[in-house]
């Protein structure tokens, strides 16, 4: 146990969560093995789930994390976003329709978390923030993580 090497694949999602919870600099101090991975971050607040999804997609495209002309990259990102949103919304993909609002920080991380390069690149999306009634002070914390292969 003592001298085992922890491979990036074992903590890919953890790194995405650390970035969303803190910032990329702090996350890299804690997990320097991710120095070559691509990262984008952002914030979104809305009662409209479409705005949450499009905010992450826009950040990933503008940040050069995905090639918007390659369907498989957009598709992989979409599935990672949906999985992360399900964590925030407790499996129910609705916000405004049920009088909930979110205020979220997010991270998107791209890289090959496996030792074997044949495994290819993966995307991790993490949301951290609040969800609750659209009344200041009536929300609670939430965290969601989604990981998908490209």
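Can you say whether residue 61 is more than 18 Å from residue 148 (Cα to Cα), surrounded by 14 or more Cβ atoms within 10 Å (Cβ to Cβ) and free of Cβ contacts under 8 Å to residues at least 12 places away in the same chain, as far as the supplied structure shows?
no
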Residue 18 under 23 Å from residue 141 (Cβ atoms) and in a helix (DSSP H, G or I): yes
Filter the stretch 100-137 for residues that are part of a loop (DSSP other than H, G, I, E, B) and touching a helix residue (DSSP H, G or I) at 6+ places or on another chain (Cβ under 6 Å); which is nearest to residue 48 (Cα to Cα)? 113
Give the residues of the stretch 132-150 that are under 16 Å from the mean Cα position of the chain (by Cα) and in contact (Cβ under 8 Å) with a residue 40 or more places away in the chain, sorted by residue number. 142, 143, 144, 145, 146, 147, 148, 149, 150
Which residues, counting only those in the stretch 23-50, are modelled with pLDDT of 95 or more and more than 26 Å from residue 115 (Cα to Cα)? 42, 43, 44
Output the number of residues of the stretch 43-58 satisfying the condition of being surrounded by 14 or more Cβ atoms within 10 Å (Cβ to Cβ) and without any contact (Cβ under 8 Å) to a residue 24 or more places away in the chain. 3
Cβ-Cβ under 8 Å, sequence separation 6+ or interchain: first residue in the stretch 16-40 and exposed (fewer than 15 other Cβ atoms within 10 Å of the Cβ), partner modelled with pLDDT of 90 or more and part of a helix (DSSP H, G or I). Which pairs? 26/18; 30/18; 35/28
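The values are calculated or read from the model by the stated rules, or taken from the named source; none is laboratory data. These numbers come from a predicted model, not from an experiment. Glycine also receives a Cβ, built like all others from the backbone with ideal geometry; neighbour counts cover every protein chain displayed.
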